[in-house]
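Peer 1: Quick one: structure below, then a few questions.
The values are calculated or read from the model by the stated rules, or taken from the named source; none is laboratory data. Everything quoted here is computed from the prediction, not taken from an experiment. Virtual Cβ from ideal backbone geometry, glycine too; neighbours counted across all protein chains shown. Note: accessible area is taken over every heavy atom of the protein model, side chains too, but ligands, DNA and RNA are not part of it. Shrake-Rupley method; radii C 1.70, N 1.55, O 1.52, S 1.80 Å.
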Amino acid sequence: RPTEDPSDCVKEVKSLMWVYVLVGNIIRGIGETPIMPLGISYIEDFAKSENSPLYIGFVETGAIIGPLIGLLLASFCANVYVDTGSVNTDDLTITPTDTRWVGAWWFGFLICAGVNVLTAVPFFFLPKTLPKEGLKNNADIIKNEKEEKQSKKVKKEKDGITKDFLPFMKSLLCNPIYMLFILISIVQFNAFVNMFTFMPKYLEQQYGKSSSDAIFLIGIYNLPPICIGYIAGGLIMKKFKITVKQAAHIGCWLSLIEYLLHFLCFLMICDNSSVAGITTTYKGMQQDLYVGNAILADCNRDCNCPTKTWDPVCGNNGVSYMSACLAGCETSVGAGINMVFQNCSCIQTSGNASAVLGLCDKGHDCSMMLQYFLILSAVGSFIYSLSAIPGYMVLLRCIKPEEKSLGVGLHTFCTRVFAGIPAPIYFGALVDSTCLHWGILKCGESGACRIYDSTNFRYIYLGLPSALRGISYIPAFLILITLKKRRLPGENVSSGTVLIEAKVAGKENDCKDMHQNSKVLNDDELKTKL
């Protein structure tokens, strides 16, 4: 029961340990944020144009393997009680499937903190500059490029960063393809951040899985296909020497196919858990979820039960009850999670009416629906990741080489600020609106939600991302139209090989002039004319 002595609530001191977690996450974010934008720009600068998609695919794959291992670690931690070591876990009356269970979240932080320190070491050994791939054997070109970069560096130091920053920003903001791509990314990231953040909770509420099982299933079913898709996308770009315009079409249409498949998830449903007084009546009939719950009934009205306490039991009639008291149970045998309640007056069944701790399972049909959902999710993850590398190459090739680092950084900044931060906040508020029963803290305040209306939860979890992604295809099609009419900076030479050969022959300027004066000049024509 909640405490009835107000003085106990006044004496309770709120912990400020969350501040340490917040500051730690801020510092970690500052450290890890530059790695992707600057690292991808680093690869683009020094790799052959036909190889960079494959290399970026490997980098993105590495960024998925990490979360895969992290989710497996999280699944293990979520299965360990938060206060393990300081309490006797044999005395616990809740299991990991219970919504009141809190896993050892702190354990993963300790492990990952140590690993993060180790991963910083190799970055100290990266050279400031590398020879352009394909030019390793030509010392004169390497020397000239180094001298040119050194002179640019000295000039930049004299002029200051603002001299280049403002013109570069103006150029990027006036680049229609780049701005449309940022718009697509923001809208799509809003959808995917929401789906990924709340996917464990969705599997818990819709299919009755524990948080540790949900995290484990996400890691096993979703992340390996994403890794394969990234590498396959990079290999396709390298093997067939896909142009920017072709990459844009591949990325758009593959993403659209995955988007249409996503609607099949609306068919993979399970009913609400049958909880007497919330989703069903004590006679087993469905009831209106939002018109006052009849928590008390004739069978438990004289038991003086607390009506807000959540300590669910499953009756042998297949119906769950908010507590053993509300189930009308009079006696119990056993201890801990093996406790069995007997002589339950609200459980209508032939023979001895009994109940065990926890909500009732959702049944075999719901388990099959979960399998279909996970398989479809895996297929969708593969198709979407297959389109990711071609799509990302459109971003890199639609901006000038000297603006690449700033362009990638601005893209990352926009997606995090306008999608990564606000999306979980507004989506979490919408999910909370589907709550059917709130937990109660010691002093009577509302705690965490114990059970959701799974039907409305499903509409929000699947419907809102679908609407956002549908909107994102408007700027996507505008990019395809714009690309038909425009030559990109990366198209001055359709592949880096001709320009390299022209450098060796001392005809670099002739090569560029010939390409710029012709609208349909390819590598073979360039070689012939040179």
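Peer 1: Could you run through the stretch 42-73 and say how many residues are farther than 21 Å from residue 409 by Cα and not in a helix (DSSP H, G or I)? So that I can check it myself, show each step before the final result.
Peer 2: First pass over the stretch 42-73, keeping only residues farther than 21 Å from residue 409 by Cα: 48, 50-51, 65-73.
From what is left, the residues that are not in a helix (DSSP H, G or I) are 48, 50-51.
Within the stretch 42-73, residues that are farther than 21 Å from residue 409 by Cα and not in a helix (DSSP H, G or I) number 3.
Peer 1: Take the residues of the stretch 215-246 that are touching a Lys or Arg at 6+ places or on another chain (Cβ under 8 Å) and among the aliphatic types (A, V, I, L, M): which is farthest from residue 371 (Cα to Cα)? It would help to see each step written out before you state the result.
Peer 2: Residues of the stretch 215-246 that are touching a Lys or Arg at 6+ places or on another chain (Cβ under 8 Å), as a first pass: 217, 244-245.
Filter once more, so that each one left must be among the aliphatic types (A, V, I, L, M): 217, 244.
Values: 217: 10, 244: 38 Å.
Ranking the qualifying residues of the stretch 215-246, first place goes to 244.
Peer 1: For the subset of the stretch 23-45 comprising residues that are among the charged types (D, E, K, R) and under 17 Å from residue 128 (Cα atoms), which member is surrounded by the most Cβ atoms within 10 Å (Cβ to Cβ)? Full working, then the answer.
Peer 2: Quick first cut of the stretch 23-45, residues among the charged types (D, E, K, R) only: 28, 32, 44-45.
From the residues that got through so far, the ones that are under 17 Å from residue 128 (Cα atoms) too are 44-45.
Values: 44: 21, 45: 14.
My answer is 44.
Peer 1: Six or more apart or on different chains, Cβ atoms under 9 Å: show the pairs whose first residue is in the stretch 446-463 and within 20 Å of residue 311 (Cα to Cα) and of a type in the set (D, E, K, R) and whose second is open to solvent by 10 Å² or more (accessible area, probe 1.4 Å) and part of a loop (DSSP other than H, G, I, E, B).
Peer 2: Taking only residues 6 or more apart or on different chains, the pairs are 450/99; 450/100; 450/310; 453/272; 453/289; 453/290.
Peer 1: If I filter the stretch 413-455 down to residues being closer than 21 Å to residue 472 by Cα and among the aromatic types (Phe, Trp, Tyr), which single residue comes out as least open to solvent (accessible area, probe 1.4 Å)?
Peer 2: 427
Each row is one residue, and each column tells you yes or no for (1) in contact with an Asp or Glu (Cβ under 6 Å, 6 or more places away or on another chain); (2) among the hydrophobic types (A, V, I, L, M, F, W, C); (3) farther than 28 Å from residue 443 by Cβ.
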position	(1), (2), (3)
299	no, yes, yes
303	no, yes, no
308	no, no, no
318	no, no, yes
321	no, no, no
325	no, yes, no
335	no, yes, yes
340	no, yes, yes
344	no, yes, yes
